[in-house]
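The values are calculated or read from the model by the stated rules, or taken from the named source; none is laboratory data. A quick note: this is a predicted structure, and the numbers were derived from the prediction, not measured. As a convention, Cβ positions derive from the backbone with ideal geometry for all residues, glycine included, and neighbour counts pool all protein chains shown. In case anyone asks, the SASA skips ligands and DNA or RNA and just uses the protein heavy atoms, side chains included. Shrake-Rupley method; radii C 1.70, N 1.55, O 1.52, S 1.80 Å.
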Amino acid sequence: MPTPAPRRPGYTLIEMLVASVSAGVLMVGMASTLMIASQSLELNSGGVTREADLHRALDRLTGDVRHAKGFTERTATAMTFTVPDRTGDGEDDTLRYAWSGVAGDPLTLEFNGATPIVVAGNVTGLNFDFLERQLLADPLITSRGVIYEGFTHNSRDTNQTSIDVATPAGASEDELLIAVLALDGAHMAGLSTPPGWVEVVRDENGSSGATIGVWRRTVDANEPATHTFTWSSGAQSFAWMMRFSGQDLAEPIADFANQEGKDDAPPAPSVEPGVEDALVLRVGAFDKDEITHDDPGVTGHTPILMDGNNHVTGGAAYTIHPADTTVPGASFSLTKSEDYLTVTIAIKPDR
């Protein structure tokens, strides 16, 4: 391991916030580029914890701000802006980063008005000092890591043997698609891997409450508008497809693990990514509709979805793990104990 550089008391956010853009604009519809300049994020926690929190906050800020379409709030301690659709409803979504200004309080992220989640804890200093300036020369190119871009979903509440899921809007060549299919009952033996997809996990609950299939695919130049997932005997189903960018093209999945059981807090297992800044994706299939819709309840993660029908449901959330160390397990939240199947996937960044 190389000798680490000497630490300094503050970390300048602009070092990570300037993303790869062409000479022109960062925000759609604006004639100038947003910069966050001369601000620092100081954390009370020391050592590895402090640095991990910092990297996680910077990665999330970098990924979100570079997709900003417009700002409705810009102060020293808070910013609210819209980004292209991430929930599959065709509407722009709203993000709000905020710090109370009180030393020791966390930096939080609020998604579409939902309960804020902690991005970095124990913040002692934060200043979003916005400047606007034109980029006229070659931009500074930085590695942005894996970014979650959006999802689509579909549901069948009657017994069927297939389900179609639309490709998420804006999918570009070489991006990563991860599809998840949740089935009511035991159907693992008859569950097929669609053409052009690579199986990650195929499993069923030991008590036959649910079945899960997880596949990955790299977007190609002739990506179809929809993909069909099939199984051999009739079952109710819920399926969704997530889109990611910035992944390693040769080996996008650094590690994965799956788990099954019955619980009202279904655990998603730990993984060993072996790389820094992996995007850690948690997905789960659950028997029946004992869920809080749109809230998978995974602490410290950004929610993607929690939805389904009366017979079978599914959820997903993600976080960025800055170190190459073990990613501990995390738990979903149900309103009642039910059969579950969970999978944790570490997506490797292209670096």
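Heavy-atom surface analysis with a 1.4 Å probe gives segment 152-241 a carbon and sulfur content of 42 percent of its accessible area. Contact order for segment 277-346, expressed relative to its length and based on alpha carbon pairs under 8 Å spaced 6+ residues apart, stands at 46 percent. Take segment 259-351 with all the other protein chains still there, run a 1.4 Å probe, and you get 35 Å² of accessible area per residue.
Tell me the per residue accessible area of segment 168-234 using a 1.4 Å probe; a whole number in Å² is fine.
I get 39 Å² per residue for this part.
In this structure the amide hydrogen of Leu191, modeled in the peptide plane, comes within under 5 Å of the amide hydrogens of Ser232, none closer than 5 places in sequence on its chain. Full extension of the chain between His293 and Asn112 yields a length gain of 63.8 nm, computed as 0.36 nm times the residue separation minus the alpha carbon distance. According to the square roots a ≥ b ≥ c of the eigenvalues of the Cα gyration tensor, what is the shape class of segment 267-336, taking rounded for a/c under 1.5, prolate for a/b larger than b/c otherwise, and oblate for the remainder? Since a/c reaches 1.5 and a/b is larger than b/c, the shape of segment 267-336 is classed as prolate.
Full extension of the chain between Asn159 and Ala323 gives 54.6 nm of extra length, using 0.36 nm per residue less the Cα-Cα distance.
The alpha carbon gyration tensor of segment 193-351 gives principal lengths a ≥ b ≥ c with a/c of 1.5 or higher and a/b no greater than b/c, which makes the shape oblate. Remark: the Ala189-Thr226 segment gains 10.9 nm on full extension, using 0.36 nm per residue and subtracting the alpha carbon distance. Ignoring lysines fewer than eight residues from Lys262 along the same chain, the ones with Cα atoms less than 17 angstrom from its Cα are Lys288, Lys336. According to the square roots a ≥ b ≥ c of the eigenvalues of the Cα gyration tensor, what is the shape class of segment 138-213, taking rounded for a/c under 1.5, prolate for a/b larger than b/c otherwise, and oblate for the remainder? Cα axes put segment 138-213 in the prolate bin. The charge dipole of segment 270-349, taken about its Cα centre with unit charges on the Cβ atoms of Lys, Arg (+1), Asp and Glu (-1) only, comes to about 60 debye. A simple packing score, the average count of other Cβ atoms within 10 Å per residue, orders the peptides 203-211, 174-182 as 174-182, 203-211, with the highest score first.
Give me the percent of the accessible area of segment 255-295 that comes from carbon and sulfur atoms, probe 1.4 Å, all protein chains in place.
Using a 1.4 Å probe with all protein chains present, segment 255-295 comes out at 38 percent carbon and sulfur.
For segment 143-286, the Cα-based Rg and Dmax, in that order, read 15.2, 46 Å.
At 7 Å along Cα-to-Cβ for each site, give me the label-to-label distance between Thr75 and Ser270 in nm. Taking the simple label geometry, Thr75 and Ser270 are separated by 4.1 nm.
Taking label points 7 Å from Cα along the Cα-to-Cβ direction, Asp92 and Ser172 give a separation of 1.9 nm.
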